[in-house]
Amino acid sequence: MPASSHFRAHRTATAWGFLAPGLLLLAISVLIPAAMALAMSFTRSGLDVSEPLQFVGLANIRRLLADPMFFKVLGTTLLYLFGVVPPVLLGSLALAVLVNRQLPGIHWFRAAFYTPVLVSIVVAAIAFRWLYAETGLINGWLTALLRDGWLSALLPRGFEPIGFLTNPVLALPSVMLVTLWKGLGYYMVIFLAGLQGIPSDLYEAAELDGCSGWRKHLAITLPLLRPYVTLVAVISAIAATKVFEEVFLMTQGGPADATKTLVYYVYDQAFAELEISYACTVGLALFMIVLLLSLVRFAFAGERGFS
């Protein structure tokens, strides 16, 4: 064997050796359970885990297509997606533009906007649940202003506490707000990285041509940030599709199933109804949605070297 071929073989073997522990952990924790879940979606599981699984073919998929609750939670999940992604895009981009300045103390502002990302979702959900409570801080402020304060004349019939998490109309937007609060700082950093990669000469040339203010950002910033916009849109859409912790900790899917999403429906079917096989089938549908969003992500991966 030539020396160069021997060197390449040795280098390849070394690389696989370093990758092997991670690949083994990935196989044990992700790939094997995913394959088992896929296989279970074609079976029927009983309440007794010691009973053997019964192969039922496409029966679970036919049940899924005839399940009105599945389509309801699918609609809720899509509503969650479209209710979160546009504000995340606009809000994080606006924050990135705001902190992309050479001003005294600007690093503190960047840290402050990023701080919610570091807060545990459990802590955030519990804190917001207390804020939203009928005896919580938000209703306390509104009561002080609209019932006991100088704005009481605006409501001659009095003010009743708002059920942010008990009203089917308000519950979903209230949970969305937690996702927005947690995610804005994370996506701001992505946009900030893109902004700092844009040469300042372009902005100076635009100012010489009479283009300033927001017109400058529309003409230069947005076109050059298109790969970053695609990246943020796709990964925030995937995160919104897989939302679970906020729903579980704040509403348990209620009221009247108004906040029940696909992931929570998988959890409910698996651990509350003990329909393990059907839960795997719902999880398969969720996987197909996330896969579709991931394919959109990879379709744009070549732009600006994203991969």
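The values are calculated or read from the model by the stated rules, or taken from the named source; none is laboratory data. Just so it is clear, the model here is predicted, and its values are computed rather than measured. Reconstructed Cβ throughout: ideal geometry from the backbone, glycine too, with neighbour counts over all protein chains shown.
For the reader, a short list of remarks on this structure follows.
- Screening Ala239, Ala219 for residues that are within 15 Å of the chain's Cα centre (by Cα) and part of a helix (DSSP H, G or I) leaves exactly one candidate, Ala239.
- Residues considered: Tyr267, Tyr228. Of these, the only one that is out of contact with any Pro (no Cβ under 6 Å at 6 or more places or on another chain), within 20 Å of Phe71 (Cβ to Cβ) and touching a residue at least 12 places away in the same chain (Cβ under 8 Å) is Tyr267.
- Contacts under 8 angstrom Cβ, first residue in segment 278-307 being under 28 Å from Gly57 (Cβ atoms), partner outside any helix (DSSP H, G or I) and at pLDDT 90 or above, 6 or more apart: Leu286/Lys242; Val290/Lys242
- Applying the condition of being buried (at least 21 other Cβ atoms within 10 Å of the Cβ) and among the hydrophobic types (A, V, I, L, M, F, W, C) to segment 238-275 and asking which residue is farthest from Asn167 (Cα to Cα) yields Val266.
- Test: residue in segment 63-73 that is small (Gly, Ala, Ser) and assigned to a helix (DSSP H, G or I): no
- In segment 71-92, the condition of being under 18 Å from Glu275 (Cα atoms) and exposed (fewer than 14 other Cβ atoms within 10 Å of the Cβ) is met by at least one residue.
- Only residues that are farther than 30 Å from Leu172 by Cβ and out of contact with any helix residue (DSSP H, G or I) (no Cβ under 8 Å at 6 or more places or on another chain) were counted in segment 89-125, giving 8.
- Top-ranked residue in segment 37-59 [being surrounded by 11 or more Cβ atoms within 10 Å (Cβ to Cβ) and aliphatic (A, V, I, L, M); ranked as modelled with the lowest pLDDT]: Leu53
- Helices (runs of 4 or more DSSP H) completely within segment 244-307 that count 3 or more residues being touching a helix residue (DSSP H, G or I) at 6+ places or on another chain (Cβ under 8 Å) and at pLDDT below 90: 276-299
- Residue in segment 231-252 that is of a type in the set (S, T, N, Q) and within 16 Å of Gly183 (Cα to Cα) present: yes
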